[in-house]
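K.L.:
After the C-alpha cells below, expect a handful of questions from me.
Just so it is clear, none of the values below were taken in a lab; they were calculated from the coordinates. In this text, all values refer to a predicted model and were calculated from it rather than measured experimentally. Positions of Cβ are generated from backbone atoms using ideal geometry, with glycine treated the same way; all protein chains shown enter the neighbour counts.
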C-alpha cells in the first residue's frame, strides 16, 4: 500500500467509473457475477472493507487523532493481508 496525491491518482486510474465499497453487511450479498462486472472498474474501499475478500484499486484511510488506533489497525490488516490482495492497493 502506498500514499499518493491528486496528480498521481489521476494518472493511476484505469476507468472513468469508480465502484465505492463501504463496510456494511450488504457486501456479503455481492455474488460472483456482480463481482465480475464490478471488477472491470476502478474501486475504492473504506473503513473495515479490508476484511472482505474483494480487492480494490484504492483504499481511503482518514487521519484524525480520534481515529488513530483504528487507522493503525486497518493499515496493519492491509499490510499483513494473508493472500496479498491489498499489496497493489493505493
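K.L.:
If the chain between residue 52 and residue 15 were fully stretched, how many nm would it gain, using 0.36 nm times the residue separation less the Cα-Cα distance?
P.N.:
11.1 nm
K.L.:
Additional query: When ranked by the protection proxy of mean other Cβ atoms within 10 Å per residue, highest first, what sequence do the peptides 12-20, 49-57, 31-39 form?
P.N.:
Packing proxy ranking, top to bottom: 49-57, 12-20, 31-39.
K.L.:
Give me the one-decimal nm value for the distance between modelled label points at residue 40 and residue 6, 7 Å along each residue's Cα-to-Cβ direction.
P.N.:
3.1
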